[in-house]
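Enquirer: Sharing a structure with you now.
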Amino acid sequence: MIFVLTVLGLAPQLSAAVVAFTIEADNEFEQRVQHITTRHGGSGERGAVWLSSLAMWFNCLRGLDDAGTELTVAQLERRVRMSTNLDGMRRWGYVTIDGAGRVKRGEPKPRPRPESILAMTRRGRAAAEIWRPLPDEVESRWRERFGADAVGRLRDALVAVASQIDVPLPDFMPIGSASWVGLSWAAARELAVCETGGAGHAGDSMGHGEAGGAGGQGLALVSLLSRVLLALALDYEEGAKLSLAMQLNCLRVLADDQEGVAQRELPSLTGVSKEAISGLVNRLAEVGCVEVVPLSGGARAKRVRLTAERGVRAAARGRRRLQRTIDGWGERFGAGAVAQLGDALAPIVGDGTRTGSPLFAGLVPPDHGWRANTRQPDMLPWFPMVSHRGGFPDGS
């Protein structure tokens, strides 16, 4: 059972592009950096960081790298326009918090406060050297793979929308959860306000963030994709009871089968990790939208299905809300600009599946990479699930 992108359009198209770009960059980073994972090295390997994803470059290391100096937590959050998993970055060996890096078991762990001082470790600086060129390198690969004209049209279409977003958004998707995308318009506006009270051009900003001005021309392609997708999610989620991730990565799959779907099959049907699917299912069960029941025959495996009223209504409301959001974008940004964006994404994204998306050509994991030892997805997520465990875009 494969669901193609033409059903809902722009949101899953943008998501597929963001996730594919990120995984391609992550695979390259994994080959270049000295790292440890549960399968590679050990917790005590000297000089190595715990492997992380492109999200952790954009929402942490790049802010410190561009500043070239120590920053407080509050300063970093203003620079990257989001909060992040700073305690994770400390544990993984990338940064220190008030001078403390990795700590031994039983020792007190530093808790990041707004005034806490952040600095990159030696290992973090080495990782930053590797991350810094990768977004441009992957974009260059896309130009070779898909054609310079196709990627140029995509970039122009993204700029046409991003330049009209009046709040400086982060340059990458924030770490999200099963509930929400990890940011709100109110929080985005607050982070965009400088210390003197002016909006948009924070005094300690990296200068990448203004959606107006140069219109995003200087942004990495993945940042343009992320900003536009994030703006769409924020519009959808404003006043919503359920997140866009819940709708696109869970409810829309279950809505096509009244009998429900085996929970073990949901990762392959959505492109989202087992852990992230579990979070979505648990949250939807808490609010009464799904029920988890045993598979027939008394097997220990479980089946997830929409509840007869609340779940079915939630799935239908989500579809209508997403359509209203897209319609509103036509009025806000221009119907032509929105249509051109979808048209520019179409030849690159295809239907988002392994057999029907050109994006999969860049997703072959390195032989010794961690993704090579996992089940390869048949499709890309309809919405990113940026993991707090390292920032991986499919919830891994």
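Enquirer: Counting only residues that are surrounded by fewer than 20 Cβ atoms within 10 Å (Cβ to Cβ) and without any contact (Cβ under 8 Å) to a residue 40 or more places away in the chain, how many does segment 70-109 have?
Expert: Number satisfying all stated conditions: 13.
Enquirer: Select from segment 1-31 the residues that are more than 15 Å from C250 (Cα to Cα), touching a Pro at 6+ places or on another chain (Cβ under 9 Å), among the polar types (S, T, N, Q) and at pLDDT 95 or above and list them in ascending order.
Expert: Those that are more than 15 Å from C250 (Cα to Cα), touching a Pro at 6+ places or on another chain (Cβ under 9 Å), among the polar types (S, T, N, Q) and at pLDDT 95 or above: T22, N27.
Enquirer: If we keep just the residues of segment 266-315 that are in a helix (DSSP H, G or I), small (G, A, S) and in contact with a helix residue (DSSP H, G or I) (Cβ under 9 Å, 6 or more places away or on another chain), which is surrounded by the fewest Cβ atoms within 10 Å (Cβ to Cβ)?
Expert: Out of the qualifying residues, it is S278.
Enquirer: Anything in segment 123-153 that is touching a residue at least 12 places away in the same chain (Cβ under 8 Å) and not in a helix (DSSP H, G or I)? List them, or say none.
Expert: Residue satisfying the conditions is R132 alone.
Enquirer: Taking the residues in segment 255-295 that are closer than 23 Å to G352 by Cα and basic (K, R) as candidates, determine which candidate is nearest to the chain's Cα centre (by Cα).
Expert: K274
Enquirer: Please determine, by comparing only the residues of segment 37-67 that are of a type outside the set (A, V, I, L, M, F, W, C) and modelled with pLDDT of 90 or more, which one is farthest from A188 (Cα to Cα). Walk me through it before giving the result.
Expert: If we filter segment 37-67 for residues that are of a type outside the set (A, V, I, L, M, F, W, C), which is where we start, we get 37-47, 52-53, 59, 62-63, 65-66.
Cutting the leftovers down to modelled with pLDDT of 90 or more gives us 52-53, 59, 62-63, 65-66.
Values: S52: 24, S53: 22, N59: 14, R62: 19, G63: 17, D65: 22, D66: 21 Å.
Result: S52.
Enquirer: Please enumerate the residues belonging to segment 74-101 that are within 18 Å of S184 (Cβ to Cβ) and of a type in the set (V, I, T).
Expert: Result: V80, T84.
Enquirer: If the requirement is being loosely packed, with under 15 Cβ neighbours inside 10 Å and under 30 Å from Q340 (Cα atoms), which of these qualifies: E137, E115? Walk me through it before giving the result.
Expert: Working: E115 fails: under 30 Å from Q340 (Cα atoms).
That would be E137, the only listed residue that is loosely packed, with under 15 Cβ neighbours inside 10 Å and under 30 Å from Q340 (Cα atoms).
The values are calculated or read from the model by the stated rules, or taken from the named source; none is laboratory data. All figures in this text were calculated on a predicted structure; none of them were measured in a lab. Backbone-built Cβ (ideal geometry, glycine too); neighbour counts: all protein chains shown.
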